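Undergrad: Mind having a look at this structure? Questions to follow.
The values are calculated or read from the model by the stated rules, or taken from the named source; none is laboratory data. Bear in mind that the values here come from a model prediction, so they are computed numbers and not experimental data. Counting neighbours? That spans all protein chains shown, and the Cβs are built from the backbone with ideal geometry, glycine included. The accessibility values were calculated without ligands, DNA or RNA, using every heavy atom of the protein model including side chains. Shrake-Rupley method; radii C 1.70, N 1.55, O 1.52, S 1.80 Å.
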Amino acid sequence: MRHDVFIAGYGGQGVLLAGNLLSYAAIYEGNNVSFFPAYGVEKRGGAAMCTIVFADGDTGSPVVGSPTVSLLLNPLSFEKYAAKVKRGGVCIVNSSLVDITGVELPGIEIIPIPMNQLALEIGDVRMVNMVACGAYSEMSGALAISSLEAALKKALPERNHRLIPANITAIEAGARAARAKKA
Amino acid sequence: MNSPVTEKIFVKGNEAVAMAALEAGCRCYFGYPITPQSDIPEYLSRELPKTGGEFLQAESEIGAINMLLGASAAGVRAMTSSSGPGISLKQEGISYMAGSELPGVIVDIMRQGPGLGGIDASQADYFQATRGGGHGGYRIIVLAPNSVQEMYDLTMLAFDLSDLYRIPAMVLADSVIGQMKESIVANARPEVVLPEKGWAVRGRGEGTEQNVVKSLKLGDGEMEKFHWMMHDRYQLLADKENRWEEYQTDDAELIVTAFGSTSRISKTAVTMAREAGMKVGLMRPVTLFPFPKPAYAALSERCKLFLTIELSTGQMVDDVRLSVARDAEVAFYGRPPGAGSLPTPEELFEQIAHRYRARPAVAEVTL
Amino acid sequence: MKQVFTRPESLKDVPTHFCPGCNHGTVHRLVGEAIDDLGLRSETIGVASVGCSVFLYGYFDIDVIEAPHGRAPAVATGAKRARPDRIVFTYQGDGDLAAIGMSEIIHSANRGEDITVIFVNNTTYGMTGGQMAPTTLPGQKTSTSPYGRDVSKDGAPFKMAELLAGLDGVAFSARVSLDSPKNVLMAKKLIKTAFQYQVEKKGFSFIEALSSCPTNWGMSPLAANQRVTDEMVPYFPLGTYKNRADL
Ligand SMILES: Cc1ncc(C[n+]2csc(CCOP(=O)(O)OP(=O)(O)O)c2C)c(N)n1
Ligand code: SF4
Ligand SMILES: [Mg+2]
């Protein structure tokens with residue numbers, strides 16, 4: 001199986017860390033992984049984005065035109081990238097910042113998750129990226145929550161390992177919110 | 001991580017180059033900062049001293065390549081790395097190294113140009129790399145990785161081939177391959193039997209001949225002889241060291257061909273075409289010099305339509321055209337480098353589908 | 001009320017890309033003011049170097065040539081020789097001027113080219129992400145000197161204002177800093193003097209401006225400014241090292 005996920009937001013939302021976490025989790029599950037941090041003119045506007053492809057076989061192109069799943073954490077990335085999601089794919093949106101009322105994208109399932117709010121409830125808005133990863137795990141079924149948790153040790157620098165329990169709480173909150181949407 | 005399945009590490013392409021250099025026994029690194037390759041000197045400034053090696057940030061790329069010349073002449077494994085503007089400055093030194101038959105590894109993480117250009121991925125330095133780049137008429141070995149694993153493996157190979165043939169070797173990648181992270185296995189250095197560097201300058205000592213490393217050749221016929229000797233050596237290199245990858249070419253009626261980053265994007269596009277019922281394959285040269293001409297020639301005996309894809313207005317396509325049979329058609333699709341010009345697999349699929357549908361019908365065999 | 005902070009006419013009314021607390025903006029402003037004060041805007045050609053100041057053409061409303069990395073003094077030499085009646089200045093970082101461009105700066109200074117060189121010394125390669133520069137202080141950690149600059153291997157930092165002052169072709173060489181209002185005023189005065197010397201065809205004029213790079217130093221703008229005062233100024237003393245008018 002080959003999976004791809006695109007993550008975008010603004011600098012400071014931990015987009016690259018989220019990408020690294022999903023990558024380590026995919027490696028943990030025995031996959032090959034490509035993590036491609038996109039940069040270019042967009043980088044200067046403070047935008048951050050990355051594409052992760054993982055597969056038990058060949059990862060193929062690190063560049064993906066229409067991702068199967070996109071995690072869009074701010075209004076700008078929603079505007080720019082929501083419509084690029086593959087037909088039949090899923091667009092997980094940070095509904096704390098993005099107003100999706102009335103928005104319809106034919107063939108794309110939009111899953112609003114109030115990521116900032118959930119992160120704040122855990123005590124740190126910087127956990128939005130972890131909430132997003134938890135929601136991804138639940139929606140895609142591609143990576144187990146336990147793999148994400150195991151991967152934290154690799155994705156976080158040593159000095160931040162004391163934050164692992166809080167990160168786990170955030171991942172689980174994201175997964176729970178997504179599960180409620182699925183039901 | 002106590003991973004249950006693999007012993008894979010997750011690193012950037014540029015870091016893989018630096019790790020491979022250490023594993024290959026590189027003793028000296030000389031470089032000058034330039035994006036998008038600075039991870040290489042940054043990694044080696046930290047790690048090379050721990051192994052007793054020398055890391056030196058030169059005052060310029062001209063300085064760096066000449067330091068490489070000196071270290072190689074002294075018989076140790078050495079490396080430099082840069083990108084477009086810096087590689088241009090190194091050309092003088094590379095020419096001197098080629099003229100002095102010196103090994104040495106040069107890593108080029110291509111960025112868009114000409115001039116200052118920008119830092120986005122490019123393949124427009126294909127000609128500069130494969131045609132020698134400097135003055136005098138020479139070639140260097142050019143290896144084109146398309147994954148982080150190959151950044152690692154081909155960097156080690158570059159050291160071996162360079163020592164074996166006494167030709168400078170270049171690892172030619174771009175900012176996509178340099179900046180992306182992948183899971184790789186940090187293989188141990190392969191066992192290769194290499195000749196002694198009897199030519200190296202180590203101090204004359206007693207009872208042995210003086211060693212001289214030079215490119216000045218003034219004797220009657222001396223330079224002509226040198227050129228023919230190198231010509232034969234390039235031929236030997238072509239006979240023995242061509243490397244390429246084929247994917248689904250057996251029954252292909254259209255073969256896509258690309259190197260480095262675009263070959264990765266192309267491969268997914270080829271898979272998409274197969275899923276849509278089209279008989280499409282991929283041919284990827286791994287060595288750009290030597291260019292795997294015989295492999296192209298063989299493919300063109302059974303497939304008459306090629307599509308070359310590059311991040312330029314067309315450079316490698318010339319070599320493809322020179323390699324295939326006369327009755328094979330070589331089409332081209334290019335996205336010159338720059339922000340926003342990296343093609344997606346979907347875009348390449350469209351290009352493939354459109355060419356595939358328009359291909360001349362294969363003559364029906366009627367009885 | 002007297003308006004003290006107007007934008008010099010030589011500068012465009014656009015936001016810059018410089019990081020918060022970066023002194024490049026201040027130096028741009030002082031150069032713009034000097035050009036305005038001397039009424040040189042229409043006849044000045046700027047030569048941009050490669051570094052964080054590469055977008056010089058985006059901020060100065062004057063003609064600009066973009067030079068290859070380190071080659072600005074050579075490009076300026078060409079422009080000045082082609083148009084001796086114009087005012088030509090280069091604006092270069094420490095990596096650009098004192099590493100890759102050392103040959104060009106020394107030779108144009110020695111030839112006494114009638115140009116002005118503005119040299120922004122921030123002890124690092126700002127644009128490429130904070131690598132060691134020829135002016136990195138002893139012991140200073142950068143991304144390519146992770147164990148601190150080792151003078152026994154990398155040499156000591158270049159003191160460019162002093163070094164160039166020793167060349168006969170140099171008419172004016174001074175080092176300024178922007179870490180206090182008093183020093184900014186001094187910098188303003190000396191930058192203007194440097195351009196004035198070019199107007200009077202006195203020969204090569206050089207200004208070294210000690211500057212902060214909060215981003216690559218990993219410091220807040222305030223702490224970075226303090227570092228200029230506490231570490232840079234003692235190592236790179238301020239002052240005028242050559243003034244042909246004194247001779
Ligand atoms: C030939 C060449 N080598 C390297 C580079 C990459 N490069 C761009 S800016 C720069 C140095 C910038 O440092 P500095 O001159 O100190 O300016 P600052 O950004 O600190 O103001 C380098 C090495 C280049 N553009 N050209
Ligand atoms: S990186 Fe440093 S020199 Fe460049 S703009 Fe930022 S603060 Fe200024
Ligand atoms: Mg600098």
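Undergrad: Does the range C:97-120 contain any residue that is open to solvent by less than 10 Å² (accessible area, probe 1.4 Å), within 12 Å of ligand 2 (Cβ to nearest atom) and not β-branched (Val, Ile, Thr)?
TA: No - not one qualifying residue is present in the range C:97-120.
Undergrad: Take the residues of the range A:90-129 that are more than 21 Å from A:THR68 (Cα to Cα) and charged (D, E, K, R): which is nearest to the chain's Cα centre (by Cα)?
TA: That would be A:ARG126.
Undergrad: Please indicate, with yes or no, whether at least one residue in the range C:31-53 is assigned to a strand (DSSP E or B) and within 16 Å of ligand 2 (Cβ to nearest atom).
TA: Filtering the range C:31-53 for residues assigned to a strand (DSSP E or B) gives C:44-48.
This time we only want the ones that are within 16 Å of ligand 2 (Cβ to nearest atom), so: C:48.
Yes, the range C:31-53 has at least one match.
Undergrad: Can you name every residue in the range C:119-133 that is β-branched (Val, Ile, Thr), in a loop (DSSP other than H, G, I, E, B) and more than 7 Å from chain B (Cβ to nearest Cβ)? Step through it out loud before you land on a result.
TA: Taking the range C:119-133 as the starting set, the residues that turn out to be β-branched (Val, Ile, Thr) are C:120, C:123-124, C:128.
Imposing the further condition that a residue be in a loop (DSSP other than H, G, I, E, B) reduces the set to C:123-124, C:128.
Scanning the range C:119-133 gives C:THR123, C:THR124.
Undergrad: Still on this structure: Looking at (1) within 15 Å of ligand 3 (Cβ to nearest atom); (2) touching a residue at least 40 places away in the same chain (Cβ under 8 Å); (3) buried (at least 23 other Cβ atoms within 10 Å of the Cβ), find the lone condition where C:GLY70 falls short.
TA: So the condition that C:GLY70 fails would be (2).
Undergrad: Quick one: which residue in B:GLN91, B:GLN37 is in contact (Cβ under 8 Å) with a residue 60 or more places away in the chain and polar (S, T, N, Q)?
TA: On the way: B:GLN91 fails: in contact (Cβ under 8 Å) with a residue 60 or more places away in the chain.
Testing whether each residue is in contact (Cβ under 8 Å) with a residue 60 or more places away in the chain and polar (S, T, N, Q) leaves just B:GLN37.
Undergrad: Might you check whether a residue that is within 8 Å of chain B (Cβ to nearest Cβ), without any contact (Cβ under 8 Å) to a residue 40 or more places away in the chain and open to solvent by 10 Å² or more (accessible area, probe 1.4 Å) occurs anywhere in the range A:7-17? Full working, then the answer.
TA: Applying the first criterion (within 8 Å of chain B (Cβ to nearest Cβ)) to the range A:7-17 yields none.
No.
Undergrad: Examine the range B:81-97 for a residue that is within 16 Å of ligand 1 (Cβ to nearest atom), part of a loop (DSSP other than H, G, I, E, B) and open to solvent by 10 Å² or more (accessible area, probe 1.4 Å), and state whether such a residue exists.
TA: Looking only at the range B:81-97, we keep the residues that are within 16 Å of ligand 1 (Cβ to nearest atom), and these are B:81-94.
Subsequent filtering for residues that are part of a loop (DSSP other than H, G, I, E, B) retains B:83.
Okay, now just the ones that are also open to solvent by 10 Å² or more (accessible area, probe 1.4 Å), so none.
Looking through the range B:81-97, none of the residues is within 16 Å of ligand 1 (Cβ to nearest atom), part of a loop (DSSP other than H, G, I, E, B) and open to solvent by 10 Å² or more (accessible area, probe 1.4 Å).
Undergrad: Within the range A:10-117, considering only strands (runs of 3 or more DSSP E) that don't extend past its boundaries, which have at least 1 residues that are farther than 21 Å from A:MET130 by Cβ?
TA: On the way: elements: A:32-37, A:47-55, A:69-72, A:90-94, A:109-113.
Filter on the range A:10-117 gives A:32-37, A:47-55, A:109-113.
Undergrad: Quickly run through the range B:306-333 and pick out the residues that are out of contact with any helix residue (DSSP H, G or I) (no Cβ under 6 Å at 6 or more places or on another chain) and either surrounded by fewer than 20 Cβ atoms within 10 Å (Cβ to Cβ) or part of a helix (DSSP H, G or I) (or both).
TA: B:THR313, B:GLY314, B:VAL317, B:ASP318, B:ASP319, B:VAL320, B:ARG321, B:LEU322, B:ARG326, B:ASP327, B:GLU329
Undergrad: Away from chain A (no Cβ under 14 Å), in contact with a helix residue (DSSP H, G or I) (Cβ under 6 Å, 6 or more places away or on another chain) and open to solvent by 50 Å² or more (accessible area, probe 1.4 Å): which single residue out of B:ARG202, B:ARG139 fits that description?
TA: Numbers: B:ARG202 fails: in contact with a helix residue (DSSP H, G or I) (Cβ under 6 Å, 6 or more places away or on another chain).
Checking each option against the conditions leaves just B:ARG139.
Undergrad: Here's something else I'd like to know. Picking from C:THR142, C:THR240, which residue would you name as being within 16 Å of ligand 1 (Cβ to nearest atom), in contact with a strand residue (DSSP E or B) (Cβ under 6 Å, 6 or more places away or on another chain) and touching a residue at least 40 places away in the same chain (Cβ under 8 Å)?
TA: Working: C:THR240 fails: within 16 Å of ligand 1 (Cβ to nearest atom).
Residue meeting the stated conditions: C:THR142.
Undergrad: Right, another one. Are any of the residues in the range C:37-50 surrounded by fewer than 19 Cβ atoms within 10 Å (Cβ to Cβ) and within 16 Å of the chain's Cα centre (by Cα)?
TA: no
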